[in-house]
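Below is one structure, written out as structure tokens; the observations come after it.
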Amino acid sequence: MTPFPLFDGPVLGIETSCDETSAAVLDGLNVRSNVVSSQVDLHRRWGGIVPEAASRAHVEALLPVVHQALGEAGMVLSEVRGIAVTSRPGLVGALSVGVSAAKGFALALGVPMIGVHHLEGHLLSPFLDQPDLTFPHICLLASGGHTEVVLLRGLGDYGLLGQTRDDAAGEAFDKSARLLGLGYPGGPAIQKAAETGEPKAYKLPRGLHGEATLDFSFSGLKTAVLRLVEREGAALDVPSAAASVQEAIAHVLVQRSVEACRQAGCDVLTLAGGVAANMRLRSLATETCHREGIRFASPRGSLCTDNAAMIALAGSARLARGDKSGFDLEPIASATL
């Protein structure tokens, strides 16, 4: 049982905030399906996400993804009792596709709909695999667009303890991978290259080291990788450079998060967001938390990256307490949690 109520009946979740089209069916805490259609191959040619292309791809993929999610859940659309959709933050065009579809489904079915903050979905995602988690606890939310340390006091009661002052951790992976010639997306590319590398081969900066802060800074790391590539040239050991980048990012993320637990008096740390799928980050967090007497929890990899199951969970919790959105729901590009 979670420390918050859940909606009675299957909830259809829809996620289109960036470059992945996802639909899921959640019944209580039972993830009956969670389908993700990735646009990675589409955007790889440009080395990053092109918003207009992302929106068009969502239009093409959304209905097939919803139909697949319903099929895998073994149900038909008329059995859905609630709709949850990411409405903020994200690419406005991409969000609009999901929000428009959610309105259509809610109107046709006569069921309640709720707009969900994308980051709340990530924050609550660990409950899908470990429902015995309790409040309060600390969550490290690390993704391509966000790097934040958040205190979760309860459902909808969140306190920001630390955040990046420049690049997000995912951006640091992407930019470093590009400089090392490893391609896009950077996180998986660096993780793969680092498998045969030596993480202590190159000394790279760990932003704001020694400062009394829970904030992060990764812009200096990007510059250091650029200088490393220029200095070493053809002699650069790319796997070791990748391992060194990965270690620098993982170390500072874990160090700040554990310090946040100490300062807040919490003995539970969760890890969420796309960067949470990085195996070195997960292993370092596990080792450090074990040593410090802190419980560590993170959802399976498929629930770390953008997905509709986490949106369905946040929506289910909101619907259960009586929240709902009207048909005037609009997508919002930037919104605080």
Only listed residue being among the β-branched types (Val, Ile, Thr), touching a residue at least 40 places away in the same chain (Cβ under 8 Å) and open to solvent by 10 Å² or more (accessible area, probe 1.4 Å), chosen from Val92, Val149, Val99, Val80: Val92
Scan of the stretch 130-146 for residues that are under 16 Å from Gly274 (Cβ atoms) and open to solvent by 10 Å² or more (accessible area, probe 1.4 Å), ordered by number: Ser143, Gly144, Gly145, His146
Test: Gly170 is under 19 Å from the mean Cα position of the chain (by Cα), touching a residue at least 40 places away in the same chain (Cβ under 8 Å), closer than 20 Å to Leu124 by Cα and part of a helix (DSSP H, G or I): yes
Residues that are open to solvent by 20 Å² or more (accessible area, probe 1.4 Å) and either among the β-branched types (Val, Ile, Thr) or in a helix (DSSP H, G or I) (or both), drawn from the stretch 247-281: Glu247, His251, Gln255, Glu259, Arg262, Gln263, Ala264, Gly274, Ala277, Met279, Arg280
Qualifying position, being surrounded by fewer than 22 Cβ atoms within 10 Å (Cβ to Cβ), at pLDDT below 95 and more than 30 Å from Leu6 (Cα to Cα), among Gly170, Gly183, Gly197, Gly187: Gly183
Residue tally, condition under 19 Å from the mean Cα position of the chain (by Cα) and either part of a helix (DSSP H, G or I) or touching a residue at least 40 places away in the same chain (Cβ under 8 Å) (or both), over the stretch 30-58: 12
Elements of type helices (runs of 4 or more DSSP H) in the stretch 92-136, at least 1 residues being over 21 Å from Thr147 (Cβ atoms): 92-109, 126-129
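In the stretch 275-328, which residue that is of a type in the set (Val, Ile, Thr) and closer than 21 Å to Asn30 by Cβ is modelled with the highest pLDDT?
It comes out as Ile311.
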Residues of the stretch 200-218 that turn out to be of a type outside the set (Lys, Arg), within 25 Å of Leu140 (Cα to Cα) and open to solvent by 40 Å² or more (accessible area, probe 1.4 Å), as a count: 5
Qualifying residue in the stretch 59-76 (condition: within 17 Å of Gly121 (Cβ to Cβ), modelled with pLDDT of 90 or more, in contact with a Ser or Thr (Cβ under 6 Å, 6 or more places away or on another chain) and among the aliphatic types (A, V, I, L, M)): yes
Qualifying residues in the stretch 285-337 (those that are over 30 Å from Val258 (Cα atoms) and of a type in the set (Lys, Arg)) - the one least open to solvent (accessible area, probe 1.4 Å): Arg321
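The values are calculated or read from the model by the stated rules, or taken from the named source; none is laboratory data. Note that the coordinates shown come from a computational prediction; the quantities given were computed from them, not determined experimentally. All Cβ positions, even for glycine, are placed from backbone atoms using ideal geometry, and neighbour counts span all protein chains on display. Note: accessible area is taken over every heavy atom of the protein model, side chains too, but ligands, DNA and RNA are not part of it. Shrake-Rupley method; radii C 1.70, N 1.55, O 1.52, S 1.80 Å.
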